[in-house]
Structure formats: structure tokens, C-alpha cells
1. Based on the mean of other beta carbon atoms within 10 Å per residue, what is the order of 289-298, 371-380, 56-65, most packed first?
2. Rounded to whole Å and sorted largest first, what semi-axes of the equivalent ellipsoid does the C-alpha gyration tensor of the chain yield via the square root of 5 times each eigenvalue?
3. Starting from the eigenvalues of the Cα gyration tensor, five times each then square-rooted, give me the equivalent ellipsoid semi-axes of the range 1-104, largest first, whole Å.
4. Calculate, in nm to one decimal, what residue 270 and residue 9 gain on full extension: separation in residues at 0.36 nm each, minus their alpha carbon distance.
5. Measure nothing but the geometry: give the 0 to 90° angle between the long axis through the Cα atoms of 369-383 and the longest principal axis through the Cα atoms of the chain, rounded to 10°.
6. Helix 306-320 versus the longest principal axis of the chain: what angle, 0 to 90°, nearest 10, using Cα atoms?
7. Using only helices, what value at 222 nm comes out for the chain when you add -39,500 (n - 2.57) per DSSP H run of length 4 or more and divide by the total residues, to the nearest 500 deg cm²/dmol?
8. Taking the chain as a Gaussian network, Cα atoms linked when under 10 Å apart, which of 127, 20, 270 shows the biggest mean-square fluctuation?
Ligand SMILES: [Zn+2]
Ligand SMILES: [Zn+2]
């Protein structure tokens with residue numbers, strides 16, 4: 001029976017798991033319940049090895065194929081964490097935790113990889129080893145990096161690694177991918193302007209940090225408009241502006257602005273950091289104050305490897321009869337760390353015409369389950385065919 005038909009049969013069961021995860025969202029590394037269920041199910045399916053506590057609350061399951069003559073090891077990765085958002089979907093399995101919600105569909109990712117695990121453990125139609133990676137803290141916590149830092153790749157001998165994300169706006173179950181840079185590096189920065197506070201009626205006795213910081217916010221726009229090569233992609237967004245006073249009649253001693261930069265290349269990343277620092281320090285000095293810039297490099301750009309991308313697209317075509325060219329995404333993806341350690345590819349699977357991810361009305365589309373699970377299973381079977 002074609003794998004997709006098999007997963008169409010399993011869809012209701014997998015959707016049940018998904019909706020249970022949905023009702024019990026857990027944020028960042030706090031995925032204790034989810035990780036527990038994942039480990040329990042992997043044991044129930046008959047995985048050969050299950051290891052918990054990798055990258056704090058991460059779980060790894062190992063399924064050995066019928067033979068291991070080729071010695072191949074393929075890693076398949078899903079994320080498990082939710083977001084600090086108050087759910088507004090109105091579904092009967094909506095979040096039971098106030099202020100937490102599966103608004104990025106990681107409930108679906110976890111359930112789909114579990115579905116594939118069940119099938120792969122039952123059938124073992126491959127010659128090699130599948131390593132199932134369930135990671136916490138994709139949404140800003142760097143859970144994927146923590147799993148790598150715990151030596152996951154070496155410990156399980158992972159040679160290639162694959163990831164998947166649902167994609168609202170893309171037809172249900174239809175895949176999209178691109179080789180090379182795909183998701184952006186997501187750096188954050190904070191600038192503390194220091195001047196001289198005082199009475200708002202005597203501005204001449206002060207060094208006004210609100211004027212300084214306001215000029216800086218406007219000048220930061222020139223990094224994209226005037227400094228960056230127009231062919232390149234770069235986002236510089238100032239997202240917070242806080243003064244040390246809330247009074248009508250006080251010129252604040254200090255202002256802190258915060259923001260993020262998104263880049264797809266090392267050159268743009270260096271340029272953004274350098275120019276943010278120069279602009280803020282220069283403007284502060286011009287107005288008689290100082291600026292202290294703290295620039296933090298978070299997730300690197302996620303770069304798909306050529307060979308594995310071609311393979312992943314071919315598998316997607318086999319599953320769904322086609323594979324679209326994905327757009328560049330200026331959001332970040334923690335899978336970037338795994339793709340820095342091993343060759344691999346990350347693919348998008350259509351979630352249909354739903355609210356966007358991170359929106360309170362977003363919901364994972366259970367109709368994507370047969371295609372998503374089939375892609376996972378076919379990746380294992382086609383990459384490690386029986387001899
Ligand atoms: Zn997300
Ligand atoms: Zn996500």
C-alpha cells in the first residue's frame with residue numbers, strides 16, 4: 001500500500017495525539033509533559049533506544065532498519081514547544097493553559113514525527129538507522145543548539161538531518177523548499193542612551209536622551225536604505241523605546257531602545273552590527289550624551305544543503321505530485337544549528353488557508369498529516385533503501 005494511504009488510515013489517531021498536545025501547550029524548555037508522552041509512545045512503538053534529557057527536555061529515539069550493511073544514519077527532527085500567546089481559536093481542544101498556545105503548529109510537527117516513528121518501527125523497510133529528534137525551545141530558546149551542544153550528532157552517529165514546518169497560505173499537503181540560505185539570522189540589540197535629566201521647563205540645562213534616541217531610530221533606517229547592497233536581504237527593526245521617566249515634566253536621564261536585525265549572509269550581519277553601533281554612538285556624541293550598544297547574535301541563518309535539498313524535493317514530489325519553490329523567509333529557525341553541524345534540508349508543508357503562525361487564531365491543519373508523515377517515512381526509506 002502506498003505510504004500516503006497508510007497514513008490516511010492513521011490520520012485520526014495522529015490527530016488525536018496532536019489535539020492532546022494542543023490542549024496542553026508548554027513553552028521553551030518546559031516541555032515536560034510533551035517530552036514524557038513522546039518518550040512513552042516511542043517505547044510503545046518498539047524503538048530500539050530512547051534517550052531523554054538531551055538539550056534539557058529533548059528526546060531522541062532510534063529505530064534500526066532490517067540490516068545495517070550500509071551504515072547510514074539519518075536524523076529526522078520535530079520541535080515540541082508552544083508560544084506565550086492567549087489562544088482565540090475557539091476549538092474544543094483549545095489550550096487549557098492560560099497564556100500559552102501552540103500557535104506555530106509544533107503540536108502538529110511532534111504528532112507527525114510520532115506517526116512516522118510508529119510506521120517506521122513497524123515496517124523497517126530501510127537499511128540503516130533512523131534517529132528521531134524531538135527538540136524543545138525552538139521559539140527563541142535555542143533548544144536545537146542545546147541538543148547539538150550535548151553531543152547529539154556524534155553520540156548517535158547522525159550523518160544527515162531533515163526538518164519540516166507547516167506553512168499557512170500553501171495548499172494543504174503541498175510542499176515547498178529552496179536550496180541555500182532559507183531562513184534568516186535573528187540577532188537582537190539593545191542601546192542605552194545616557195544624557196542629563198532635568199526639568200522639562202529648563203531643557204537648556206539637560207542633555208535630552210529622547211531627542212538623541214529618536215534621531216537614532218530614524219537614522220537606523222538608512223542602514224537598509226543607504227548602506228546595504230540593494231540586491232541583498234536585510235531587516236533592521238526598532239521594536240522598543242523606553243525612557244527612564246513617565247512624567248510629563250521630566251526630561252529623562254536615559255532611554256533604552258531595542259530591536260532585531262534579520263540577515264541571510266555573514267556580510268550583511270557584520271554590516272548591520274557595525275552600522276548600528278556607529279550610528280547610535282555617533283548620534284549620542286553629537287548631542288552630548290553616550291550610547292552603549294549591546295548586540296547579540298542569536299540563531300544563524302538556516303542554510304539548506306544542495307544535495308539533500310534536491311533529494312527532499314524529489315521525495316516531496318513522490319508524496320504530493322509536485323514541490324514548489326519556497327520564498328526566502330526573514331523569520332528565524334533554530335534548525336539552523338543542526339544544519340551547521342550536518343548536511344540536510346528543511347521543507348515547508350502546506351497548512352492551507354489558515355491564520356498565520358504566531359496569530360491567536362492559528363491552528364495546525366490535521367489534513368496535512370498524511371503528506372507530512374509520508375514525507376518523513378519516504379525520506380528514511382528512500383535515503384536508506386533495502387539492499
Ligand atoms: Zn514559530
Ligand atoms: Zn515554528
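1. Details: 289-298: 16.2, 371-380: 26.5, 56-65: 24.2.
The densest-packed peptide leads the list: 371-380, 56-65, 289-298.
2. Details: eigenvalues 399, 97, 67 Å².
So the equivalent ellipsoid measures 45, 22, 18 Å along its semi-axes.
3. On the way: eigenvalues 165, 71, 24 Å².
Rounded to whole Å, the semi-axes are 29, 19, 11.
4. Values: separation 261, 0.36 × 261 = 93.96 nm, distance 5.04 nm.
Gain in length upon complete extension: 88.9 nm.
5. In the chain, helix 369-383 runs at an angle near 70 degrees to the longest axis.
6. 60 degrees
7. Numbers: 10 runs with 135 residues, N = 387.
Helices in the chain give a 222 nm mean residue ellipticity of -11000 deg cm²/dmol.
8. 270
Where a number appears in this text, it was derived from the coordinates with a stated rule and is not lab data. Being a predicted model, the structure only gives us computed values, none of them experimental. Every residue, glycine among them, receives a Cβ derived from its backbone with ideal geometry; neighbour counts consider all protein chains shown.
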